[in-house]
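K.L.:
Below you will find the structure I want to go over with you.
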Amino acid sequence: MAASGYDNILLVTDSYKVTHHYQYPPKTTYICSYFESRGGKFTETVFFGLQYILKRWLEGPVVTAEKIAEAKEIFNAHFGQDVFNEEGWNYILNYHKGYLPLRIKAVPEGSVIPYKNVLFTVENTDPKCYWLTNYFETLLVQVWYPMTVCTNSRIQKEIIAKYLHETADSMDGLPFKLHDFGFRGSTSVESAGIGGAAHLVNFVGTDTIAALTTAKRYYGCPMAGFSIPAAEHSTITTWQEKGEKDAFRNMLEKFPSGLVACVSDSYDVWKACREYWGEDLKELIQNRKGTLVVRPDSGDPAEVVCKCLNILGEKFGHQMNGKGYKMLPPYIRLIQGDGISAESLEIILDAMKKESWSADNVVFGSGGALLQKVNRDTQKCAFKCSFAVVDGKEVNVFKDPITDKGKTSKKGRLTLEYQNGTYVTMQEGHGDPVKDVMQVVFENGKLLKDYNFDEVRAKAQIDLLKDK
């Protein structure tokens, strides 16, 4: 079968890397490069997603004669000259049976590592394939995306956990407190799956079905996330404004038990909470064997959440929990799914606390801010060469631009070690390989470590819950 486009590993790189086999010093035999978050928005990063890349792209015999022929044709036309390393790729095909002669060492997935530390290294295992290490920088650096989404999600978990700890009797609901609404806002189905799975490292609520299949296929998780029946505006507004109450009633009757969410801001959210939910349908809500989750979807989030809670509290009553904060009856809750980010969560939850509402009354949904409002520079992710062997001589390799010292790269052989309660990157071979936190996860085309989702979740758990 002929190779085709995205399935051809030779084509998954930046154009200029196709020419780099000409550019290294003569008699180069070894290149070792590393990946790190060299700064960024968050001082810690959750390492996640490399296993997806390894399984999806690099595992097994990935170089074939058909792929070499396809790449040669494309690159000759692309460059207008013959710069393709056909000899090098044929060597891999003939002498390594299409398996990539690379070794990748990485921190365990789910590890929470302070930024400015090495997270994984890549090196060639065959001296004739020194050029291969950095050929896959393009692909491997894309771990920035699941890593950054996972980090962003975990930060939001810490914020919610803080307010639950202060205002709620229990932390049991935390795994469901941030729901992924980001599928439609993602750049592709694949990115929704990758980013959505990254979120599920921290929470178990999602409407991004692609995340479930990604977690199952690449991390062995039978079911990573859960959802509930919920209304959208079309299923309410097709009843028209005069029929909104009937639309609400239909939701309660069609789903007589369990959790059900209903968008309530199609026209007048205050009227919906006060009259429809709080009066006309009150008895139906109270008699359901489950919980109605009212969803406002517009306006200033902190103001809207607090006002909705106050109206619902007036209509349904409330009790004071053990920490002195108000709780709605168990059959009614609120979900805020508009404008949710790490920044807005703090504002909303602080406003609720000031009005004596427990954080346990509300769950949140996040879309674009969760899966899309991140980029490679959010955590300043970079992949750089740190060590080489040229003509038999070991060389510490680094960059140190006079115009930006923040881009100074690490030198020599690297290890990541845990010393005195923190992680430290040891450079220039000064570390102890026995103490290296990084493990060999990939070697010569074979995956040597296969993390399951439970392992990743346990590693990424927030400090507040680690001993619970």
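K.L.:
List every residue pair whose Cβ atoms sit under 9 Å apart, with the two residues 6 or more apart in sequence or on different chains, where the first one lies in segment 452-467 and is modelled with pLDDT of 95 or more and the second, anywhere, is in a helix (DSSP H, G or I) and small (G, A, S).
P.N.:
F453/A197; F453/A215; I462/A161
K.L.:
Of the residues that make up segment 100-121, is at least one closer than 22 Å to D350 by Cβ, polar (S, T, N, Q) and either touching a His at 6+ places or on another chain (Cβ under 7 Å) or part of a strand (DSSP E or B) (or both)?
P.N.:
No: segment 100-121 contains no residue that is closer than 22 Å to D350 by Cβ, polar (S, T, N, Q) and either touching a His at 6+ places or on another chain (Cβ under 7 Å) or part of a strand (DSSP E or B) (or both).
K.L.:
Pairs only if they're at least six apart or on different chains, beta carbon under 6 angstrom, first in segment 364-389 and over 30 Å from N124 (Cα atoms), second assigned to a loop (DSSP other than H, G, I, E, B) and open to solvent by less than 10 Å² (accessible area, probe 1.4 Å); list them, first residue then second.
P.N.:
Listed by first residue and then by second, the contacts come to F364/I340; S366/I340; G367/G182; L370/G182; L371/G182.
K.L.:
Additional query: If I ask for residues that are acidic (D, E), open to solvent by 50 Å² or more (accessible area, probe 1.4 Å) and assigned to a loop (DSSP other than H, G, I, E, B), which ones from segment 423-455 would you list? Give the derivation first.
P.N.:
So in segment 423-455, the residues acidic (D, E) come out as 428, 432, 436, 443, 450, 454-455.
Of the ones still in play, those that are also open to solvent by 50 Å² or more (accessible area, probe 1.4 Å) are 428, 432, 443, 450, 454-455.
Result: E428, D432, D450.
K.L.:
Next question, about the same structure. Being of a type in the set (S, T, Y), touching a strand residue (DSSP E or B) at 6+ places or on another chain (Cβ under 9 Å) and not in a strand (DSSP E or B) is true for just one of Y52, Y24, Y30. Which residue is that?
P.N.:
Y24
K.L.:
If I ask for residues that are touching a Lys or Arg at 6+ places or on another chain (Cβ under 9 Å) and either touching a residue at least 60 places away in the same chain (Cβ under 8 Å) or surrounded by 14 or more Cβ atoms within 10 Å (Cβ to Cβ) (or both), which ones from segment 74-85 would you list?
P.N.:
F84, the sole residue that qualifies.
K.L.:
Same structure again: Open to solvent by less than 10 Å² (accessible area, probe 1.4 Å) and in a loop (DSSP other than H, G, I, E, B) - does that describe any residue in segment 91-99? Can you show your working first?
P.N.:
Just the residues of segment 91-99 that are open to solvent by less than 10 Å² (accessible area, probe 1.4 Å), to begin with: 92, 98.
If we keep only those that are in a loop (DSSP other than H, G, I, E, B) as well, we get 98.
Yes, segment 91-99 has at least one match.
K.L.:
Name the residues in segment 370-398 that are more than 18 Å from N117 (Cβ to Cβ) and either touching a helix residue (DSSP H, G or I) at 6+ places or on another chain (Cβ under 7 Å) or assigned to a loop (DSSP other than H, G, I, E, B) (or both), would you?
P.N.:
L370, L371, Q372, K373, V374, N375, D391, G392, V397
K.L.:
Turning to a different aspect of this structure: In segment 113-134, what count of residues is obtained for those that are open to solvent by 10 Å² or more (accessible area, probe 1.4 Å) and either touching a helix residue (DSSP H, G or I) at 6+ places or on another chain (Cβ under 6 Å) or not polar (S, T, N, Q) (or both)?
P.N.:
9
K.L.:
Looking at V83, V46, V62, can you tell me which residue is hydrophobic (A, V, I, L, M, F, W, C) and farther than 18 Å from L11 by Cα?
P.N.:
Details: V83 fails: farther than 18 Å from L11 by Cα; V62 fails: farther than 18 Å from L11 by Cα.
From the options V83, V46, V62, the qualifying one is V46.
K.L.:
Taking only segment 283-299 into account, find how many residues are loosely packed, with under 15 Cβ neighbours inside 10 Å and of a type in the set (D, E, K, R).
P.N.:
2
K.L.:
Something else about it: N310 passes all but one of (1) open to solvent by less than 20 Å² (accessible area, probe 1.4 Å); (2) assigned to a helix (DSSP H, G or I); which number fails?
P.N.:
With (1) open to solvent by less than 20 Å² (accessible area, probe 1.4 Å); (2) assigned to a helix (DSSP H, G or I) applied to N310, the lone miss is (1).
K.L.:
Considering only segment 144-176, state which residues are open to solvent by less than 10 Å² (accessible area, probe 1.4 Å) and outside any helix (DSSP H, G or I).
P.N.:
A168
The values are calculated or read from the model by the stated rules, or taken from the named source; none is laboratory data. Keep in mind that this is a model prediction, so the values were computed, not measured. Note: ideal-geometry Cβ built from the backbone for every residue, glycine included; neighbour counts use all protein chains shown. Accessible surface is based on the protein model in full, side chains and every heavy atom, while ligands, DNA and RNA are left aside. Shrake-Rupley method; radii C 1.70, N 1.55, O 1.52, S 1.80 Å.
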